[in-house]
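Peer 1: Before anything else, here's the structure in question.
Derivation of every value follows stated rules applied to the coordinates shown; laboratory data play no part. Here the structure is a predicted model, which is why all the values come from computation and not from measurement. Using ideal geometry, Cβ is built from the backbone for each residue, glycine included, and neighbour counts are taken over all protein chains shown.
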Amino acid sequence: MIYFIDIVPKYTPLIFICKGKLIKKWKNRKMNVYLYPKLLNRNRKTMKTILLFALSLLLSLSVSDVCAQERVYDISQFGLKANSKKNASPVVRKAIAKIKAECRDGEKVILRFPAGRYNFHEAGSTVREYYISNHDQDNPKKVGIALEDMKNLTIDGQGSEFVFYGRMIPVSLLRSENCVLKSFSIDFEQPHIAQVQVVENDPEKGITFEPAPWVDYRISKDSVFEGLGEGWVMRYSWGIAFDGKTKHVVYNTSDIGCPTKGAFEVAPRQICSPKWKDARLVPGTVVAMRGWGRPTPGIFMSHDVNTSLLDVKVHYAEGMGLLAQLCEDITLDGFGVCLKGNNDPRYFTTQADATHFSGCKGKIVSKNGLYEGMMDDAINVHGTYLKVIKRVDDHTLIGRYMHDQSWGFEWGRPGDDVQFVRSETMELIGKQNQITAIRPYDKGEIQGAREFSITFKEAIDPAINEKSGFGIENLTWTPEVLFAGNTIRNNRARGTLFSTPKKTVVEDNLFDHTSGTAILLCGDCNGWFETGACRDVTIRRNRFINALTNMFQFTNAVISIYPEIPNLKDQQKYFHGGKDGGIVIEDNEFDTFDAPILYAKSVDGLIFRNNVIKTNTEFKPFHWNKDRFLLERVTNVKISE
């Protein structure tokens, strides 16, 4: 007697029948296998082959089922309940350690937080030494949710609020693959920015202001207004003024001083600052008082591959909302650096950019987002020039990170493609080259290094030296960008900033009172040292409403193509573009109170077509640039409204 095998592709029990009776059953997700006793004129070898085939098939299906399954952890299993006052920091740290210990490499894992509020304090948090692009390089950092060396992990907040205390990085994700952050918000109980409202403005007696109800403060012994939080004290030197009714940045104010030396209380929670005098700040004006430091982003990503952030909101961070460096393929969908709705009493969000991508590659997709109230751009995409500080030989240079907020992290790897630029004219020099070896020069390891010894495959152009000013740009770590369907409004400085040679599409966005330039294409090997030239940019179907209500750096028009070039008159080549239609601006609507729409410098290949320009009288024109289109050293250009 042998068995007849019948394979049925549906989810039902697997049944063994022997002599017409059920003897065993088990489940298989892929298919059912029925074995029936049947007298057949076949030899034992045939029977054995058939049975081995069936068993091997079942084994392979069983293994694939295990691989496809998701392991789900609930944070409540670790004793952390939503809406409790318990410190979440040590609990989450323990949960992450357990996940890493129990889960096999490649297994899909979900860590869920039942909806509610979770409080994260510095005590019990993860302590790390992180060097973060475009931030203060003070260490160590304290991290609320530290995710490192993870694969296929999803953090699902299910709509939860993660609230932080002190001075922390709320979330870090490092050296991880195929991870998802979804459905939670980040905020701080006591933001380091102090929101105050002008109560009275007397030209002789100064400004009297009232701190917002959540602001803890004191008047110091030397009579200075100071903000207070868990483990920190802040003195404020600058501020941004918001219209109390519209939440727009107040017209023609830009960065304002807010001196509080000599401050005193005139009534409970009302402070008079006799040295603070500014006629533009009428009663009812709301001021976000701030310093210039940016120690901690809301979310820090480094060396990650294929990361998605879905329906994540950052309401406050003492730096960028999101900072990603040396990552590959990032998707933001429904991400926001924003207020908590129209009735939120706050006027500000982050201390710096909403999102910032430094030295990334692959594709960055940012769509369906809301960015408002931040103290800098909604998005900034760039690499970092190393300045040549020594020519060792014809194949080796020493390069240095120059900006004080951008150093200490990896810059390149063997096999990366690079090019060289003359800082004074921002012209490329020599041919593209390739790294064959790179090592830290001023330190024994990459982390914390500021200088690198780099050896190149081909001989370096003889003109490149340490005296005349040259930069090295890494072309491998440059991303393609899609920025689509986003709203940017009521923020300081600029709307968006792009500096990448890869394809960049900016489409279907609303730029509403961005205060400075709405879109900036930059490139700078002299100050910020942020690379590089844009070669393929499409700006289409966007709506711009009253940008340029204030003056900030690089704000020469609603759209500014503004590389930093100290010696433009001696430049022979062009920085941006490089082909016919390298930069295309089409099918947009500009609704503006002032003149400048487009400013461009050092561009080869620029098209402006099928755009609608409307004028309004919301504000009085004041910009120094009185031209609709102001072009400096631009060739191969076509403009038609």
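Peer 1: Going toward the positive end of the dipole of the chain, with +1 on Lys and Arg Cβ and -1 on Asp and Glu Cβ, which of S640, I219, F164 do you reach last?
Peer 2: Going by the Cα projections, it comes out as F164.
Peer 1: In whole percent, what relative contact order does the chain give with Cα contacts below 8 Å and a gap of six or more residues?
Peer 2: 8 percent
Peer 1: Okay, next question. Taking the chain as the reference, fit the longest principal axis to its C-alpha atoms, fit the long axis of helix 88-102 to the helix C-alpha atoms, and give the angle between the two in degrees, 0 to 90, nearest 10.
Peer 2: 40 degrees
Peer 1: Could you give the dipole magnitude of the range 393-517 about its Cα centre, charging the beta-carbon of Lys and Arg +1 and that of Asp and Glu -1, in debye to the nearest 20?
Peer 2: Around 280 debye, computed over the range 393-517.
Peer 1: Mark the label point 7 Å from the Cα of K81 along Cα→Cβ and return the residues of the range 161-188 whose backbone N is within less than 20 Å of it.
Peer 2: In the range 161-188, the label zone of K81 (backbone N under 20 Å from the point 7 Å along Cα→Cβ) covers 161-163.
Peer 1: So, in nm, how far is label N625 from label N343 when the simple model puts each one 7 Å beyond its Cα toward the Cβ?
Peer 2: 4.1 nm
Peer 1: When the chain is fully extended, how far beyond the present Cα-Cα distance does K261 get from A212, taking 0.36 nm per residue of separation?
Peer 2: Stretched out fully, the K261 to A212 stretch lengthens by 15.7 nm.
Peer 1: Oh, and also: Can you tell me the Rg and Dmax of the range 86-232, counting just the alpha carbons, in angstroms?
Peer 2: That works out to 19.6, 70 Å for Rg and Dmax.
Peer 1: How far, in nm, would the chain grow between K363 and D149 when pulled straight, counting 0.36 nm per residue and subtracting the alpha carbon separation?
Peer 2: Working it through step by step, the gained length comes to 74.9 nm.
Peer 1: Still on this structure, I have one more. Using only DSSP helix segments of four residues or longer, with each worth -39500 (n - 2.57), what per-residue ellipticity at 222 nm results for the chain after dividing by its residue count and rounding to 500?
Peer 2: -2000 deg cm²/dmol
Peer 1: Follow-up. Students often check this: by mean Cβ neighbours within 10 Å, which of 107-117, 165-175 ranks highest, and how do the rest follow?
Peer 2: Ranked by mean Cβ neighbours within 10 Å, highest first: 165-175, 107-117.
Peer 1: Straight-line reach from K108: which aspartates and glutamates have a Cα under 17 Å away, not including same-chain ones fewer than 8 places off?
Peer 2: Candidates past the 8-residue exclusion: D65, E70, D74, E148, D149, D156, E177, D304.
Peer 1: May I have the extent of the alpha carbons of the chain along their three principal axes, as whole Å values ordered from largest to smallest?
Peer 2: Principal extents (largest minus smallest coordinate, Cα): 108, 67, 54 Å.
Peer 1: Taking the Cα centre of the chain as origin, work out the dipole magnitude from +1 charges on Lys and Arg Cβ and -1 charges on Asp and Glu Cβ, in debye rounded to 20.
Peer 2: Charge dipole, the chain, about its Cα centre: 3360 debye, nearest 20.
Peer 1: Report, in debye and to the nearest 20, how large the dipole of the range 455-535 comes out about its Cα centre when Lys and Arg carry +1 and Asp and Glu carry -1 on their Cβ.
Peer 2: Dipole about the Cα centre, nearest 20: 140 debye.
Peer 1: If you don't mind, there's one more thing I want to ask. Under 20 Å from a point 7 Å along the Cα-to-Cβ line of T476: which residues of the range 444-461 have their amide N that close?
Peer 2: 445-461
Peer 1: On a 0 to 90 degree scale, rounded to 10, what angle separates helix 44-68 from the longest Cα axis of the chain?
Peer 2: 20 degrees
Peer 1: Quick check on packing: order 446-457, 125-136 by the mean number of other C-beta atoms within 10 Å, highest mean leading.
Peer 2: In decreasing order of mean packing, 446-457, 125-136 become 125-136, 446-457.
Peer 1: How far is it, in nm, from the label point at L228 to the one at K275 when both lie 7 Å from their Cα along the line to the Cβ?
Peer 2: Between L228 and K275, the label points sit 2.2 nm apart.
Peer 1: Which aspartates and glutamates, if any, have their Cα less than 14 Å from the Cα of K221, not counting same-chain residues under 8 positions apart?
Peer 2: Result set, ordered by chain and number: E265.
Peer 1: Once Rh for the range 457-556 is found with the Kirkwood sum over Cα pairs, what is the Stokes-Einstein diffusion coefficient at 4 °C and 1.567 mPa s, in µm²/s?
Peer 2: The Stokes-Einstein estimate is 84 µm²/s.
Peer 1: Hey, what did the range 285-413 get for relative contact order, percent, Cα under 8 Å, at least 6 apart?
Peer 2: Once normalised by length, the contact order is 20 percent.
Peer 1: If I model a spin label at N616 and Q434 as a point 7 Å from the Cα along the Cα→Cβ vector, what separation in nanometres do I get?
Peer 2: 5.4 nm
Peer 1: Here's another thing I want to ask about it. Å³ per residue of the Cα convex hull, for the range 510-595?
Peer 2: 113 Å³
Peer 1: Pairs to check: K387/K573; K141/K340; K503/K601; K182/K247; K363/K601; K601/K626. Give those whose C-alpha atoms are more than 18 Å from each other in this structure.
Peer 2: Violating the 18 Å Cα-Cα cut-off are K387/K573; K141/K340; K503/K601; K182/K247; K363/K601.
Peer 1: Another one. Round to a whole angstrom and tell me the spacing of the C-alpha centers of the range 167-232 and the range 427-499.
Peer 2: That distance is 34 Å.
Peer 1: Given just the C-alpha atoms of the range 79-119, how large is their convex hull per residue in cubic angstrom?
Peer 2: For the range 79-119, the hull spanned by Cα atoms encloses 67 Å³ per residue.
Peer 1: Return a whole-number percent for the relative contact order of the range 383-535, with Cα pairs under 8 Å and 6 or more residues apart as the contact set.
Peer 2: After rounding, I find 26 percent.
Peer 1: Continuing with this model, one more query. If packing is taken as the average number of other Cβ atoms within 10 Å across a peptide's residues, how do 319-327, 236-244 rank, most packed first?
Peer 2: Answer by packing, highest mean first, reads 319-327, 236-244.
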